[in-house]
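Read through the structure below, which is laid out as structure tokens, and then see the notes.
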Amino acid sequence: MKTLNSIEEDMPLSFPSHCLSSREDTSSDKFHDECAVFGIYGHTEAANLTYLGLYAQQHRGQEGSGIVASDGQQFYQHKGLGLVADIFSQPVLKRLSGTRAIGHNRYSTAGNSTINNVQPLTVNFAFGNLALSHNGNLINAPMLRGELEAYGAIFQSDSDSEVMIHLIAHSKADTLLDRVIDALSLVRGAFSLVILTDEGLIAARDPYGFRPLCLGQYKGSWMVSSETCAFDLIGAEFLREIEPGELMVFNKSGIKSYYPFVAKHPALCIFEYVYFARPDSKIFGANSVYAIRKAFGRQLAKECPANADMVIPVPDSGVPAALGYAEGLGIPFEIGLTRNHYVGRTFIEPEQAIRHFGVKLKHNAITEILEGKRVVVVDDSLVRGTTSRKIVKMIRHAGAREIHVRISSPPTIAPCFYGIDTPTQKELVASHLTIEEIRRYLTADSLGYLSLEGMLAMAPNQSDSYCHACFSEQYPISFTKAEQLQLGLFDSTQHSHVSSPVADSVAEKKITVIE
Ligand code: SF4
């Protein structure tokens, strides 16, 4: 009999209240990575390789991870909250037997931080076992969920990904593949996903191609991964990207590719180049994300030069652009800020009197490099501005004579609804302050952003093949009135973690749709 064999989930069900999330304290001033997916078909060490694939993609989600493996008869799963290396041990991986597996690293973009929301989501239904790992966000998930619940569907999680599982189960199509196609044709938004079935693997990317999804091969087995850095760790060959709108099936007959969805104009997430993807990954046709970030820095130097003695990055994400900026201006690149790489997911809250570490938990200035110098400090993006303000103060405190802030992306003025955790529009400092007002808030001597045109010119594909809605408010997928309300497009309480001290006077903004 085919069953779902669930190995005990021995990780905490939620983070204890005395712990202060590092997301809240040290890295809240960024857009947050979404999720990572990984899948493998046809290798005796499928679970071990999936573990490596998730480990390489830890940057895309640190809230929880899971692996589901299959021997064609049973599913074996293990999930937990926390980091990949803490969740999986050798004995656990040994129990995840079978020649195919899928995995997922979660950063919550929809739903709460509980074990129920950790993927892969699994179900046993009329067509056998099914597990699903999803990267992206579905803008019509709340509406579909409401309809499914009205038909009696019982949801185990509040993740929008579970909607797809219920749609597959509710489809009237005769084959599992047709049911998957049926379900994915009904959802609107971003999905790069892998599905494990008793027969094999299905991988699919939405017709806009928001999030990356890459195809690789390793010793006769097939692999699917959000980013190619996973293939590099394993030693797998990167074959190509799964194209926007493509669905691939991996089973004992080989692999087959389908294009079952209504074609759309591509809307690749340009922010993957700015911050999300690992610099050593190759996505959206780039030779490496690193090369693109460096080109952003060189372009920024052209558009916003500064008279300065040196360029320093905000580590680590600002490093490639700072190198490009320094190269562009022909001035030295220095490390003026260090980063504590061991700032973990949680931080034990000390006594009130010594609590206000702020940005110092993560960054520190090197006084002998900065003292008396005119410094350009380069970061990849500026979201609320709260961390950047503290960094400017820290550099000033270390003795810098002038501080010129340069941002290697345009002002972020709008939230993302395609799988990125973003603050509300009200909290985005550039949504309601001019560049000069932001400069004054940061207490910098000057402030410059890369232009949208400059950024698109440095990216490898046609400039109209990217989504840049968080910089332009031009959303590639239209919102119905009901979706606007359910997504909280203008709701200051949604997605909110930390308030910007300068965000009180924002007016509602009109959202433009390009389709
Ligand atoms: Fe990426 Fe921004 Fe578009 Fe979201 S809105 S998909 S973060 S470019």
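The values are calculated or read from the model by the stated rules, or taken from the named source; none is laboratory data. This one's a predicted model, so the numbers in the text were calculated from it and none came from an experiment. Here the Cβ positions follow ideal geometry from the backbone for every residue, glycine too, while neighbour counts run over all protein chains shown. Just so you know, the surface numbers come from the protein's heavy atoms only, side chains and all, with ligands and any DNA or RNA stripped out. Shrake-Rupley method; radii C 1.70, N 1.55, O 1.52, S 1.80 Å.
A compact table of results
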{"item": "Gain in span if fully extended, Asp309 to Glu237, counting 0.36 nm per residue against the direct Cα distance", "result": "21.6 nm"}
{"item": "Packing rank of 123-136, 81-94, where each peptide gets the mean count of other beta carbons within 10 Å, highest leading", "result": "123-136, 81-94"}
{"item": "Above-threshold pairs, the threshold being 18 Å between Cα atoms, out of Lys252/Lys282; Lys362/Lys393; Lys294/Lys362", "result": "Lys252/Lys282; Lys294/Lys362"}
{"item": "Accessible area of His170 in the full protein assembly, 1.4 Å probe (Å², nearest 10)", "result": "70"}
{"item": "Label-point gap, in nm, between Ser89 and His265 - each point 7 angstrom along Cα→Cβ", "result": "5.4"}
{"item": "Carbon plus sulfur fraction of accessible area for the range 166-307, probe 1.4 Å, in percent", "result": "53"}
{"item": "Segment Thr367-Gln74, extension gain: residue separation times 0.36 nm, minus the distance between their alpha carbons", "result": "99.6 nm"}
{"item": "Cβ-derived FRET efficiency at R0 35 Å, Asp158 paired with Ile435, nearest 0.05", "result": "0.35"}
{"item": "Label-point separation in nm, Tyr342 to Tyr151, each point 7 Å along Cα→Cβ", "result": "5.3"}
{"item": "Once the Cα gyration tensor of the range 362-472 is diagonalised, semi-axes √(5λ) in Å", "result": "28, 16, 12"}
{"item": "Order by protection proxy (mean Cβ within 10 Å, highest first), peptides 449-459, 288-298, 144-154", "result": "288-298, 449-459, 144-154"}
